[in-house]
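Asker: For reference, the structure I am asking about is given below.
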Amino acid sequence: PEPEEGEDKVVDPQADERAALIKQQDQLGLKVAELKKELAQARAKDQPRLKARAKTIELLNRLRMKFSALNETNGDPFFTSAASTTEKFAYSFAYGTSSLTSYEFGQRLAALETDLAELDGPDSTEAEGRVGAGLEWMERSNQIPELLIAIRAKYSKPNIYVSIGDGLINRLASRNVVESQPLCERIDGRLVRGQVTTDTSVTINLNEDPNQVHAEIQLMGGLSSATYIQQGKIRAYINTAGSVSGTRGIYANLGGFFAIDPSVNASVAACFNGTSSKLRVVDCIAEKKFAKEKCKSEASATRRAKNETLTRFTEQTDEAISEGRDKLSESREKMRSKSNLIPEIYLRSFDDSILATGEKSSLSRLGAPGLPKVIEDGSDVTVAIHDSMPNNYLGKLFAGKTFSNEELAEELGSILGEAPSTLTGGADSDKDDSFSITFATIRPVQIEFRDNGFRIVVSGSGFSQGAKKIKEGLKIALKFKIVQRDGKLFLMRDGKAEIDYLEPEKKRPTTVAFRSFLDGKLNPKETVKELDSELPANLVPVDSVEALQDSEIAAAMVLSRCRAEDGWLHLGWTHADSEEETDFSEGTPAVWVSADEVK
């Protein structure tokens, strides 16, 4: 209202600013409307290109799936290469023809920076999944290639380490051979008869090599002989004693076994041991003659011992190397159809052990962000597995897929050995208890090795129960432990299942009700049989792995280390007679002793 006469006029200091903002808002509204019109025109104009793009992507996906199927069926390396090339081109085409904006790039780069900072934190497992997804987007879009290489070099290291000590190698591969053979041959024109005895040992000596396994088969031993030379009715007795040694270098890498020609040395000394004559003069004449020809006799004996040792050493090592090559070829043939399951493996040798490192990663999944903790406990075989190894397999199996609770129970049963009875239902179960889960695209099922426990986390982006559809995400966490009972190992639940909302601020009543339903299924009030799955003795899957079924070595391994900490599962075994009772040492804090055992 206008002020009356005599009253002061009230001045609004922000009136002009508000007016300017309103004017600017109107201008922006007109600009937005104009941009929307241009966008609609651009979309209409771009429809033919988008339709052609969709057809091309569909065709590329069919080719990719066909090559992948052929690769799994035939295991041909050319199909493997074709599948990989087609997949790479299909993604490059899809990203290269999409509407990439600088805003989206900035958002993803900022998210990548945030997730990288969490790789060393308590939520590192989830961060690894998000970083992998961010790297995939950047790589598919051909963005920041140098940075991507640097990130993978720093945060994607081998996620499995297997070490075998030289003590076990020599206990299994070393040989002591005592041979006694009659000798009857003409040497330097004289017929020599007698007995030659050799006592040799074969051991494996490892050499440090960062690129492959380099070892030497070493032969060490001695020989002795008791021979005689017949001169008419008189025999001259000669004894010899000496040593033999030999080496043969072998190399093992991803290409197979390679061996160099063996080398052998020998040294033999001879001594006169009298004659069959009772006349002293005959002995003296024979001894003088022996002394005169001693050097020649020793050289001849040394040469003969060297040649015979070289022949036997070559034959024996050739046989062992040939057998190893056949087994390697057989293993390769079996793995060809499962090449997508085999991690990248690298071999190297140290002075006291052989180390195999493997990395299971992909364009969207990282290996281990760091190195495992070094544990020295004298185990013959040690294994360190980072949780990214099983998680990368599980990601491919579950990401974005939908499973019913029965199908999920079947998959978990194949992984754990037995699925929780609360998921399997049964003949008497109510149909209303059935539900389905759509897994998240990033880290749908993850395993965490923490605090000497084994935690499995299932992340679902959507659920359904009957006609009800729940689009909000839930995270279900189950913790397990290994328990020793009556000398056997069992996998058991450890505590209640934890069910959390992925986005608590967006939860709806239907989601809250479904969470309560899952809580009742996974944490029933009434007493039910716990998941109690028996594990292989000493955690060595002798019965389920064909290569181990007839192995006396595998059956004689005793568990000496079992730790789960900082994302790593540390296992160790020592070799012992299979009749010895299993003894769990202090190195197995991830194995609990049941209350019945304590009593």
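Asker: About the Cα centre of the range 157-236, what is the dipole size in debye to 20, counting +1 per Lys and Arg Cβ and -1 per Asp and Glu Cβ, all else neutral?
Answerer: Dipole magnitude for the range 157-236 comes out near 520 debye.
Asker: Another question, if that's okay. Leaving out ligands, DNA and RNA, what percent of the accessible area of the chain is carbon and sulfur, probe 1.4 Å?
Answerer: Summing carbon and sulfur atoms, their accessible area is 53 percent of the total for the chain.
Asker: Pull up all non-local amide H partners of R235: gap of 5 or more, or a different chain, and H-to-H distance under 5 Å with H placed in the peptide plane.
Answerer: HN-HN under 5 Å from R235: S276, S277.
Asker: Would you mind getting me the FRET efficiency between F350 and M220? Use the beta-carbon distance for r and R0 = 25 Å, nearest 0.05.
Answerer: After rounding, the FRET efficiency stands at 0.65.
Asker: Calculate, for S201 and I149, the FRET efficiency according to 1/(1 + (r/R0)^6) with r their C-beta to C-beta distance and R0 56 Å; round to the nearest 0.05.
Answerer: My answer for the efficiency is 0.65.
Asker: Counting other Cβ atoms within 10 Å, keep those with at most 16, restrict to DSSP loop, and tell me which trypsin sites (Lys or Arg not before Pro) in the range 215-278 are left.
Answerer: K233, K278
Asker: Then there's this: Give me a comma-separated list of calculated 3J(HN,Hα) values for the range 37-42, in order, Karplus coefficients 6.51, -1.76, 1.60 applied at θ = phi - 60°, integers in Hz, x for any Gly or Pro.
Answerer: 5, 5, 5, 4, 5, 5
Asker: Whole number please: convex hull volume per residue of the Cα set in the range 101-195, in Å³?
Answerer: Enclosed volume per residue, from the Cα hull, is 220 Å³.
Asker: To the nearest 20 Debye, how big is the dipole of the chain about its Cα centre, given +1 on the beta carbon of each Lys and Arg and -1 on that of each Asp and Glu?
Answerer: In debye, rounded to 20, the chain gives about 3140.
Asker: Would you mind getting the Kirkwood hydrodynamic radius of the range 443-573 from its Cα pairs, rounded to one decimal in Å?
Answerer: One over the average 1/r among Cα pairs gives 17.4 Å for the range 443-573.
Asker: Now, a different point. Residue-wise, which Karplus ³J(HN,Hα) couplings in Hz belong to the range 380-397, taking 6.51 cos²θ - 1.76 cosθ + 1.60, θ = phi - 60°, and x for glycine or proline?
Answerer: Result, rounded to whole Hz: 6, 10, 10, 9, 10, 10, 7, 5, 5, 4, x, 5, 5, 5, 5, x, 5, 6.
Asker: Considering the options S436, G395, A305, tell which one lies farthest towards the positive end of the dipole of the chain, charges being +1 on Lys and Arg and -1 on Asp and Glu at the Cβ, about the Cα centre.
Answerer: Result: A305.
Asker: How large is ³J(HN,Hα) for each residue in the range 477-482, as worked out from phi by the Karplus curve 6.51 cos²θ - 1.76 cosθ + 1.60 (θ = phi - 60°), to whole Hz, x for Gly and Pro?
Answerer: My calculation for the range 477-482 gives 10, 10, 10, 10, 9, 9 Hz in order.
Asker: Can you find, among C284, G167, I238, the residue sitting farthest towards the positive end of the charge dipole of the range 154-300, where Lys and Arg contribute +1 and Asp and Glu -1 at Cβ?
Answerer: The listed residue farthest towards the positive side: C284.
Asker: Next question. From the residues P509, S362, S201, which one has its Cα farthest along the dipole of the chain in the positive direction, the dipole being from +1 and -1 charges on Cβ of Lys/Arg and Asp/Glu about the Cα centre?
Answerer: Farthest along the dipole direction, towards plus: S201.
Asker: Going by the alpha-carbon gyration tensor, a ≥ b ≥ c the square roots of its eigenvalues, is the range 18-174 rounded (a/c under 1.5) or, if a/c is not under 1.5, prolate (a/b greater than b/c) versus oblate?
Answerer: oblate
Asker: Could you order peptides 390-403, 103-116 by the average number of other Cβ atoms within 10 Å of their residues, highest first?
Answerer: 390-403, 103-116
Asker: Also, quick follow-up: Helix 405-416 against the longest principal axis of the chain: what's the angle in degrees, Cα atoms only, rounded to the nearest 10?
Answerer: Orientation of helix 405-416: about 30 degrees from the principal axis.
Asker: Hey, can you find the accessible area per residue of the chain for me, probe 1.4 Å, expressed in square angstrom?
Answerer: Spelled out: the 1.4 Å probe surface of the chain, per residue, equals 60 Å².
Asker: With only alpha-carbon atoms in the gyration tensor, what are the semi-axes of the equivalent ellipsoid for the chain, in Å, largest first?
Answerer: Semi-axes from the Cα gyration tensor: 74, 31, 23 Å.
Asker: Using Cα centres only, tell me the gap between the range 43-67 and the range 437-469 in whole Å.
Answerer: 33
Asker: Here's another thing I want to ask about it. Which FRET efficiency, nearest 0.05, do I234 and T311 yield, Cβ-Cβ r, R0 30 Å?
Answerer: Between I234 and T311 the formula returns 0.35.
Asker: Local charge sum around G324 (other residues, Cβ-Cβ under 14 Å, Lys/Arg +1, Asp/Glu -1)?
Answerer: -1
Asker: Considering every pair of different Cα atoms, what Kirkwood radius, in Å, is found for the range 274-314?
Answerer: 12.1 Å is the Kirkwood radius here.
Asker: At what distance in nm do the modelled label points of D209 and T402 sit from each other, each positioned 7 Å from its Cα along Cα→Cβ?
Answerer: 5.5
The values are calculated or read from the model by the stated rules, or taken from the named source; none is laboratory data. Just so we're clear, the structure is a prediction, and the values are computed from it rather than from any experiment. When we count neighbours, we look across all protein chains shown, and the Cβ atoms used for this are built from the backbone with ideal geometry, even at glycine. Protein only, heavy atoms only, side chains kept; ligands, DNA and RNA dropped before computing areas. Shrake-Rupley method; radii C 1.70, N 1.55, O 1.52, S 1.80 Å.
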